[in-house]
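> Below are the structure tokens for one structure; questions will follow.
The values are calculated or read from the model by the stated rules, or taken from the named source; none is laboratory data. Everything numeric here is computed off the predicted structure, so don't read it as measured data. Glycine gets a Cβ as well: all are built from the backbone with ideal geometry, and neighbour counts include every protein chain shown.
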Amino acid sequence: MRTSIEQYADSALDCISSLPCEYAEIRLGSGVVTSIILSGDQIDSVSSGDTTGGCIRILHKGSWGFVTFNDIDDLKKHVKTVLSLSKTIHSATPSTVAGCAPVRARFSTNAIQSCRDISIEEKFNLISAYNDILRNSNFIQTTRAVYNDRVSQSLFVNSEGSVLTYDKSFCGVSLTAVAKDGSVIEPFSESHAGYGGFELARHREESAEAVVKTAVDLLKAESLPGGTYTVIADQRLAGVFIHEAFGHLSEADFIYENERMRSLMSCGRKIANDTLTVIDDGTLPVLPGYIPFDDEGVPPRTTFLIQNGIIHGHLHSRETASMMGEEPTGNGRALSVMNQPIVRMTNTYIENGTYAPQELFESVDDGLYVVDAVGGQTNLEMFTFSSGYAYRIKKGKPGTMYKNVILSGNVFTTLNNISMVANDRKMFGGLGGCGKRGQSPLPVAFGGPHLRINNVLVGGGH
Amino acid sequence: MLDILNNYRSACGWFDAIYAEGESLPISFRNNHIYSIIGRQSSGFGIRANKETKTGFSYSNVPSRINETVRRAISLTRFGEKEEFHVPSAVPALQFEPYSDTIHTFSADREIEQAEAVIGRIVSAFPRATVDMGVGKSAGQRRICNSNGIDCAYRHSSYSVSISATLVSSDGLRLSISEGVSSLGPGNYTNTVDRLLWKLEHAQTIRTIESGKIPVVFTPKACASLVGIVASGLSARNVAKGISPFAGKLGEALFNSHFSLDDRPLIVESPHSYPFDDEGIQARNKTLIHNGAIAGFISDLKYAHRLGIEPSGNGSRGYSSLPAPSFSNIVIGAGERPFAEIIGGIKAGILVDQFIGLGQSNTITGHFSANLDCAYLILNGEITGRVKDCMIADNLFSLLADDMETSSDCLWYGSVYSPYLFFPAINFTA
């Protein structure tokens, strides 16, 4: 029987309650990961392993000292190390942190079917069944079907006296098919995951079927000629777009560090049409971006980033909130106990507008219906993201399918170019996640309704 | 560890294990000032067991759980794939270690002083610049052992510096340049700073060039990202899965004869080198693309067996994962003319240094498409300013097969040692 991580709470509190520093916290974690990866007619790996570890972070004379370790039994030793490291540094512009009222609480994932109660056989059989669907076409060269569950316990204590524990269960699948015809090779994927039990991995047959169909359809799709198009984005692309293009801009560490960004992102500034409202919300259960508290012990909230076209709020850690004189929003997140919390998104989405999706299509005489997203990246001012595929819209009707559709543009111009927002929002999240400052993949979710965006630059051949 | 594992010899056909431990001390600067200092300690072990030709795998980072971990690995073998290869018995020689004793001379105080001087230099040249920096050391050891009697270990060390400077002009234009360097022990990084300043200076005027097929030169840094598209096709894993365009093309001249690519794990001064791989196979340098022709693939034990080739010594893993073929140092063959001479002959083209979104698309067949995060206009042989809000999209394999040239001067970026690459015509959209 594994000992509970909660038993370390008193000694951890004792270690940091009277340290000579402005703020201190200890995070400990212990968990078991089970992973099954199938590929084509082969089993790539079946593995299960456990890790235990912890970290101590202190703010000392305005700079951060941070240590990570595997051995969680001698916390006093690690406290000594972090104190001695911190003494070597002094900042001319000291960091500060926003305080919060101490909280003592226990949280646990509400799993319908606990992953611990499901045998490896059952997990294996489920993912094998999905893999069989993925392989069900003569054009399929190979597949990758991944099952993953992580069951863990974590403890958070800080010098304010908070003690938080979390029994967490994350579960999901990722389904990829690679179609091939002659020299043309086309992969396509979908992933589904969240906080819950084995039920999150079940009933994904339709998704597997859609993945094979799309991969095979892409073989016949043509490359799109580069140019500027009127675009209708589907819900998934809308979600990736708002995560990449605006979510990252709303992360207050970027804003705080740059004078120009502070003015571009100041609250009250009108940056889009009235119909656009954007929200980050870590309180939404099950979704991969759900957190009962962030990695600085702050509860999540519903943060309006854009309300009716006007910048309304930013995403904060304790540090950025204090430095900018705003309230912490519960967005100080770390990939694991091996990483420092930094400002991250949770579940980020565009709120529904008033149009029926059909009205968006009817408004386009010549344009593109761009579906799904393979990935996205931003340098804050400019973004690019790759859609899964696209259809040419002529007189309101989607026709020819295209592939290699890479959208790119200036974030502010593009936000202004969102001319219609539909009323059919959906949320998405899988086994992957978001990357920032070397911490990847952090579980997040994103979503939105169908959008009409004018004048989008699309890369392609001539 | 081998003593305990040997108790399970009769419970499985073969086993192998990796034990990795390390310590690191990264110091970070944010927004022109010191931000944090981190002490990291980590260790862990992974155990792969093969029973009745099937493989199972488990890992832990709690030393007392070794017996539990072996038993878990063995119990998972019943779900594993039939894998009929064997772990090696030839004990690899320890020709060198990617390690330098000078790593112990790393002094946080001195590194902080040096970094502050670098930030001062950048800010005095560009008063609006915000500089983020990371300076750090790491050291550790890797041990590989197996049921055929191999038990070998080596030490490794690394000193690394990364610098990123961002300028946002009053009209919202953003320019961010990053540079980095790594070595086995603390070193001087003035050249890296010089290069970063050169890139900032030449990006101060915004220039434009019309869409079309235009001459493009990629810097070694851009090449280090682009080369991944070619490299993935040279992995025995992708060949075995039928998703490498180079499968069955061994010996065929697919590219221009000016293009060669090596994997070199024996470069003594690189932190990406190793004396033997993570499955205990002796490391060796090898040419994978020779004058345009496919000359070999990188492999681990599993995929070498599957393709019926000798393992190339490229099995790579962390303690919590199974091995997979991976590159050590990628070296791209140099050409005859220096970079300066190559751009001297370009009437109107671009020099590309940083992409956004490269590799998001399906690059298996060589297609790529990316926004140009940092690129310069070349006009009558001179760098005349920055081009932005534009994309390039083309097929890298066709480009490498057609007219192209590599420069005589090369630079390290991460584990890639690359020249400048010149292509006379690439699709460009502004």
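> When you check residue B:421 against the structure, is it closer than 24 Å to residue B:254 by Cα, modelled with pLDDT of 95 or more, within 14 Å of chain A (Cβ to nearest Cβ) and touching a strand residue (DSSP E or B) at 6+ places or on another chain (Cβ under 6 Å), yes or no?
So residue B:421 fails the test.
> Residues that are part of a strand (DSSP E or B) and at pLDDT 95 or above: does the stretch A:204-219 have at least one? Before the answer, list the steps.
Taking the stretch A:204-219 first, the residues part of a strand (DSSP E or B) are none.
The answer is no; no qualifying residue exists.
> Quick one: count up the residues across the stretch A:324-343 that are more than 25 Å from residue B:39 (Cα to Cα) and either of a type in the set (Phe, Trp, Tyr) or surrounded by fewer than 21 Cβ atoms within 10 Å (Cβ to Cβ) (or both).
The total comes to 4.
> Can you name the strands (runs of 3 or more DSSP E) wholly within the stretch A:368-441 that have at least 1 residues being within 13 Å of chain B (Cβ to nearest Cβ) and closer than 14 Å to residue A:241 by Cβ?
In the stretch A:368-441, A:382-394, A:406-410 are the strands (runs of 3 or more DSSP E) which contain 1 or more residues that are within 13 Å of chain B (Cβ to nearest Cβ) and closer than 14 Å to residue A:241 by Cβ.
> Out of the stretch B:153-192, which residues are surrounded by fewer than 20 Cβ atoms within 10 Å (Cβ to Cβ), away from every other protein chain (no Cβ under 14 Å) and touching a helix residue (DSSP H, G or I) at 6+ places or on another chain (Cβ under 8 Å)?
B:185 - this is the single residue of the stretch B:153-192 that is surrounded by fewer than 20 Cβ atoms within 10 Å (Cβ to Cβ), away from every other protein chain (no Cβ under 14 Å) and touching a helix residue (DSSP H, G or I) at 6+ places or on another chain (Cβ under 8 Å).
> Additional query: Is it true that residue B:303 is at pLDDT 95 or above, among the hydroxyl-bearing types (Ser, Thr, Tyr) and buried (at least 24 other Cβ atoms within 10 Å of the Cβ)?
Working: at pLDDT 95 or above: yes; among the hydroxyl-bearing types (Ser, Thr, Tyr): yes; buried (at least 24 other Cβ atoms within 10 Å of the Cβ): yes.
Criteria met by residue B:303.
> Which members of the stretch A:56-106 meet the condition of being at the interface with another protein chain (Cβ under 9 Å from one of its Cβ atoms) and either among the aliphatic types (A, V, I, L, M) or within 25 Å of the chain's Cα centre (by Cα) (or both)?
Once the filter is applied, which keeps residues that are at the interface with another protein chain (Cβ under 9 Å from one of its Cβ atoms) and either among the aliphatic types (A, V, I, L, M) or within 25 Å of the chain's Cα centre (by Cα) (or both), the stretch A:56-106 yields A:57, A:66, A:67, A:68, A:82, A:85, A:89, A:92.
> Next up: Here's a check for you: in the stretch B:123-132, which residue that is touching a residue at least 12 places away in the same chain (Cβ under 8 Å) and within 13 Å of chain A (Cβ to nearest Cβ) is surrounded by the fewest Cβ atoms within 10 Å (Cβ to Cβ)? Before you say what the answer is, go through the steps one by one.
Initial filter on the stretch B:123-132 (touching a residue at least 12 places away in the same chain (Cβ under 8 Å)): B:123, B:125-126, B:128-132.
Going one step further and asking which of them are within 13 Å of chain A (Cβ to nearest Cβ), we end up with B:123, B:128-132.
Details: B:123: 15, B:128: 13, B:129: 20, B:130: 23, B:131: 22, B:132: 20.
In this case the residue turns out to be B:128.
> For residues that are at pLDDT 95 or above and farther than 25 Å from residue B:108 by Cα, tally how many sit in the stretch B:149-166.
Count: 5.
> Only residues in the stretch B:68-84 that are farther than 16 Å from residue A:124 by Cα count as the first member; pair them with residues that are among the aromatic types (Phe, Trp, Tyr) and crowded, with 21+ Cβ neighbours inside 10 Å, Cβ under 8 angstrom, at least 6 apart or cross-chain, and list the lot.
Final answer for the pair search is B:69/B:45; B:69/B:59; B:70/B:15.
> Which one of these is within 17 Å of the chain's Cα centre (by Cα) and closer than 30 Å to residue B:246 by Cβ: A:223, A:191?
A:191
> The conditions are (1) surrounded by 23 or more Cβ atoms within 10 Å (Cβ to Cβ); (2) within 13 Å of chain A (Cβ to nearest Cβ); (3) touching a helix residue (DSSP H, G or I) at 6+ places or on another chain (Cβ under 8 Å); (4) not aliphatic (A, V, I, L, M), and residue B:365 fails exactly one of them. Which is it?
Failed condition: (1).
> Take the conditions surrounded by fewer than 23 Cβ atoms within 10 Å (Cβ to Cβ), more than 14 Å from chain B (Cβ to nearest Cβ), part of a loop (DSSP other than H, G, I, E, B) and hydrophobic (A, V, I, L, M, F, W, C) and apply them to residue A:364. Does it pass?
When the stated conditions are applied, residue A:364 passes them.
> What residue, among those in the stretch B:133-152 that are β-branched (Val, Ile, Thr) and part of a strand (DSSP E or B), is surrounded by the fewest Cβ atoms within 10 Å (Cβ to Cβ)? Can you show your working first?
Step one: list which residues in the stretch B:133-152 are β-branched (Val, Ile, Thr), which gives B:135, B:144, B:150.
Filter once more, so that each one left must be part of a strand (DSSP E or B): B:135, B:144.
Working: B:135: 23, B:144: 25.
Result: B:135.
> Can you tell me how many residues within the stretch B:380-405 are more than 8 Å from chain A (Cβ to nearest Cβ) and outside any strand (DSSP E or B)?
Number satisfying all stated conditions: 12.
> Right, next: Just one of B:377, B:351, B:372 is surrounded by fewer than 23 Cβ atoms within 10 Å (Cβ to Cβ), in the same structural domain as residue B:242 (by TED's automatic domain parsing) and in a strand (DSSP E or B); which is it?
After ruling out the rest, the residue left standing is B:377.
> Does the stretch A:34-55 include one or more residues that are farther than 30 Å from residue B:80 by Cβ and either at the interface with chain B (Cβ under 10 Å from one of its Cβ atoms) or assigned to a loop (DSSP other than H, G, I, E, B) (or both)?
yes
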